[in-house]
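Encoded as structure tokens, the structure appears first; notes follow it.
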Amino acid sequence: MSEHKQTENNPQGNDKKMVIAMGSIGLICALLIVLTYQGTFASIEKNKAEALEKAIFKVLPGISKTKAFQLNQDQTFSETNATDPKIPKVYAGYDSIGQLKGIAVQANGKGYGEVLNLLYGYDIDNQKIVGFYVLESKETPGIGDKIEKEDFLANFKAMDAALNDDFTKIKNEITTVKHGEKTNDWQIDGITGATITSRAVGNILSMSSNQWMPLIYKNKKSFLINDKSK
Amino acid sequence: MSVINQNKSEKGFLSSIADHPSTDEFIKGVWRENPVFVQVLGMCPSLAVSNSAKNALAMGLATAFVLLMSNILISLLRDFIPKQVRIASYILIIATFVTVIDYAMQAISIELHKSLGAFIALIVVNCIILSRAEAFASKNTVGKSILDALGMGIGFTFALLCIGGVREILGSGSFLGFEFMPDSFEKWVIMVLPAGGFFTLAFLLLIFNSFKIKNNRA
């Protein structure tokens, strides 16, 4: 009788113990992660800002100075120092005599793995994308991460991103085509074996360019430096 | 006579360190049971991120950190974790420390974090860590577990640095980023590519095993 009782009681006791053990380990782990996040947040933000600054110089060839502009509620741009990531921002690049060379725009979207965080340079006068840089990606090593390699980046040396006649949309949508089938300047030559990642880049760029380029073109004047003394 | 005696006692002291069980706990991971060269565990990161000495060193240290911290915590909690949920608990603990090192690495250098890419997150599934948790930390005291983790961690870092060093010297003509080879040196591009990882690992295993065989005979 007593033996029977024991076997009946034991599983229940074990269940409770298991739940308590898993729960408390989870709690300890959560606490550790939160503490680390809080502790490293400031330096990560600083590092990211520096990396972004470097990337802006990469996507806009020939610039020597950048300025951040935020998009206001009324669809105009104004200079900003805000660091809040929720405020939509673009970065203007100027050469050594203060002439506007282009605008760097950040674009996010879902890749194959996690979020793809991209930066591209837009030359307003020629209406072309002149540079492309992957800020953050967790794409498959050896396959999806080829979007950071020279061959793929060659797509973005002078990519056509002309606006239509009433300046509201991109004339030719940026699309990804199969590897070797690129015939026009607005197409991205895809990577064999990394179809999803290449398409994701195309979609992200297409969405972002349609959203930003008409706005940037319309407000072109607000990016110019008027102050000669600087 | 006294000199001989002194020598003897010194020798005795040294050999007592060498024979001490806790030293053995440490040394075994570095050499006799080296995780890469002897246990042949954790092959994925050893082959994938060892294309340069810097990446190899960073990966080795990150793994050693996760190994040390998870071994400590698991050893502390070894009487508290029920047997049925032990693997789940270990994975949870390991994943936590991987997240911690992921943040820490971003804080140290974004570029380094980027060059290691997804492999930082993949430390979670590195079998060295889970195997040490299951085979050692869950059965031994905290002190011993620390020694074991340090030994294994240093052994893993050492192995990765060997592979990364050979690949970088031959493939890029540099070590830890310093170019020292003469300009006439033709770089072996294959060494930086994945295939070079396999070749290097095979050669190092060959050398390691021939040492072992010689020692056994002696």
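The values are calculated or read from the model by the stated rules, or taken from the named source; none is laboratory data. Treat the numbers as computed from the prediction; the structure is a model and nothing was measured. Neighbour counts run over all protein chains shown; Cβ positions are idealised from the backbone, glycine included.
A few points about this structure:
- First in the range A:42-58 and more than 10 Å from chain B (Cβ to nearest Cβ), second anywhere and among the aromatic types (Phe, Trp, Tyr), Cβ under 8 Å, 6 or more apart: A:Ala55/A:Tyr133; A:Ile56/A:Tyr91; A:Lys58/A:Tyr133
- A search for C-beta distances below 7 Å between a residue of the range B:78-91 that is outside any helix (DSSP H, G or I) and any residue that is among the charged types (D, E, K, R), counting only pairs 6+ apart in sequence or on different chains, returns B:Pro82/A:Lys17.
- Some residue of the range B:121-130 being touching a helix residue (DSSP H, G or I) at 6+ places or on another chain (Cβ under 7 Å), more than 25 Å from B:Val85 (Cα to Cα) and not acidic (Asp, Glu): no
- Here A:Ile33 does not fit the description of being at pLDDT 85 or above and more than 14 Å from chain B (Cβ to nearest Cβ).
- For the range A:41-82, a tally of residues being within 27 Å of B:Gln106 (Cβ to Cβ) and of a type in the set (S, T, N, Q) returns 6.
- Qualifying residue in the range B:133-141 (condition: surrounded by 23 or more Cβ atoms within 10 Å (Cβ to Cβ) and either in contact (Cβ under 8 Å) with a residue 60 or more places away in the chain or in contact with a Lys or Arg (Cβ under 9 Å, 6 or more places away or on another chain) (or both)): yes
- The requirement of being at negative phi and surrounded by 17 or more Cβ atoms within 10 Å (Cβ to Cβ) is fulfilled somewhere in the range B:178-191, by at least one residue.
- Whichever residue in the range B:97-130 is free of Cβ contacts under 8 Å to residues at least 60 places away in the same chain and among the aromatic types (Phe, Trp, Tyr) and, among such residues, is farthest from the other protein chains (Cβ to nearest Cβ): B:Phe97
- Number of residues in the range B:119-130 that are surrounded by 16 or more Cβ atoms within 10 Å (Cβ to Cβ) and assigned to a helix (DSSP H, G or I): the value is 8.
- Residue within the range A:126-144 that is of a type in the set (Lys, Arg), more than 27 Å from B:Ser50 (Cα to Cα), in a loop (DSSP other than H, G, I, E, B) and in contact with a strand residue (DSSP E or B) (Cβ under 7 Å, 6 or more places away or on another chain) present: no
Yes or no, residue by residue, for (1) modelled with pLDDT of 85 or more; (2) under 11 Å from the mean Cα position of the chain (by Cα):
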{"position": "B:Lys28", "(1), (2)": "no, no"}
{"position": "B:Ser50", "(1), (2)": "yes, no"}
{"position": "B:Ala56", "(1), (2)": "yes, yes"}
{"position": "B:Leu77", "(1), (2)": "yes, no"}
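- Cβ separations smaller than 9 Å between residues 6+ apart or across chains give the following pairs from the range A:164-177 residues that are acidic (Asp, Glu) to residues that are assigned to a loop (DSSP other than H, G, I, E, B) and crowded, with 16+ Cβ neighbours inside 10 Å: A:Glu173/A:Trp186.
- Being buried (at least 21 other Cβ atoms within 10 Å of the Cβ) and within 27 Å of A:Lys46 (Cα to Cα) is a property that holds for B:Leu116.
- Residue match in the range B:110-119 (condition: modelled with pLDDT of 85 or more and in contact with a His (Cβ under 8 Å, 6 or more places away or on another chain)): no
- Conditions (1) polar (S, T, N, Q); (2) facing chain A (nearest Cβ under 9 Å); (3) within 20 Å of A:Gly23 (Cβ to Cβ): number failed by B:Ser70: (2)
- Set A:Asn164, A:Asn210, A:Asn226: member being at pLDDT 85 or above, under 30 Å from A:Glu79 (Cβ atoms) and not acidic (Asp, Glu): A:Asn210
- Condition met for B:Ile94 (at the interface with chain A (Cβ under 8 Å from one of its Cβ atoms) and either under 26 Å from A:Val134 (Cα atoms) or touching a residue at least 24 places away in the same chain (Cβ under 8 Å) (or both)): no
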